[in-house]
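See below for the structure under consideration.
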Amino acid sequence: MFSRQLSLPDRILIEVERAASTAFGAVPQASRPSPAVGMVGTELDEAARRHAAGLMRVNHTGEVCAQALYSGQAAVARHARTRAQLLEAAAEETDHLAWCAERLAALHSRPSLLNPLWYAGSFALGAVAALVNDKVSLGFVVETERQVETHLGEHLEKLPTDDTASRAIVAQMKQDEARHGLHAREAGGIDLPAPVPTLMRFASGVMKAVAYRF
């Protein structure tokens, strides 16, 4: 058995297919069962349901961005080891994407209408970071996961107490993101220059505010 070396057109077609599937709402196959499986929580009133759905829509959009970011970084990573690590993290983020999509459906809601835009921007950002060098690319992962872990912690405080299913998903995601950041640091990720984390927090804030509603 041998694997064929993919040509540039092959890789482009794969990325286009992945982008279309992720950005336009296809629910991927998770490799792990959702932490919400088997949970029976108290039925939420309409205000709590809408609030929980808004938060889970933000989390779903965050996972769309993560898929795009890792894909952009992997597409131009200089070393095979870095590319493999990025793709491994992306595979686990696929679980998160599936869990959030399933929870949104259970809350009778939908993903963000702007996911194609979020995907395109994140893919470009990941590619730019990777073009600098692999240490900067991995440093970008470290900072991204640090900010995402903080954001998920905030969501655990904001989600309705009775929404045990959403809370279980977010708690597991938070653990996974912390591990991704640690692995990227151990692989050589460096601290990004001071203005970059601030700009990342600003962009994330805009995304969260918009995705909560749309």
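What do you get for the angle between helix 80-106 and the principal long axis of the chain? Use alpha-carbon atoms, 0 to 90 degrees, nearest ten.
Here the helix axis deviates by roughly 20 degrees.
Relative to the longest principal axis of the chain, what angle (0 to 90°, nearest 10) does the C-alpha long axis of helix 46-76 take?
Orientation of helix 46-76: about 10 degrees from the principal axis.
R0 = 25 Å: FRET efficiency of Val206 with Ala171, Cβ-based, nearest 0.05?
Calculated value: 0.45.
Using a Gaussian network for the chain with springs between C-alpha atoms less than 10 Å apart, which of these wobbles most: Arg201, Arg146, Arg167?
Arg201
Ordered by packing density, taken as the mean number of other Cβ atoms within 10 Å over each peptide's residues, highest first, how do 120-127, 63-70, 28-35, 109-116 rank?
Result, highest mean first: 63-70, 120-127, 109-116, 28-35.
Kindly express, to the nearest 10 degrees and within the range 0 to 90, the angle between helix 8-23's C-alpha long axis and the longest C-alpha principal axis of the chain.
10 degrees
Can you tell me how segment 43-213 classifies by the Cα gyration tensor, rounded, prolate or oblate, using a/c under 1.5 as the rounded cut?
prolate
Give the shape of segment 144-214 as rounded, prolate or oblate, defined through the alpha-carbon gyration tensor: a ≥ b ≥ c are the square roots of its eigenvalues, a/c under 1.5 means rounded, and otherwise the shape is prolate if a/b is larger than b/c and oblate if not.
Judged from the Cα gyration tensor, segment 144-214 comes out oblate (a/c at least 1.5, b/c at or above a/b).
State the extension gain, in nm to one decimal, for the chain segment bounded by Leu131 and Ala80, taking 0.36 nm per residue of separation less the distance between their alpha-carbons.
In short, 16.9 nm is gained.
For the chain, what relative contact order do you get, as a whole percent, if you take Cα pairs closer than 8 Å and at least 6 residues apart?
28 percent
All of the numbers you see were taken from the coordinates with simple rules; none came from a lab. Just so you know, these numbers come straight off a predicted model, no measurement behind them. Ideal geometry is used to build each Cβ from the backbone, glycine not excepted, and the neighbour counts take in all protein chains shown.
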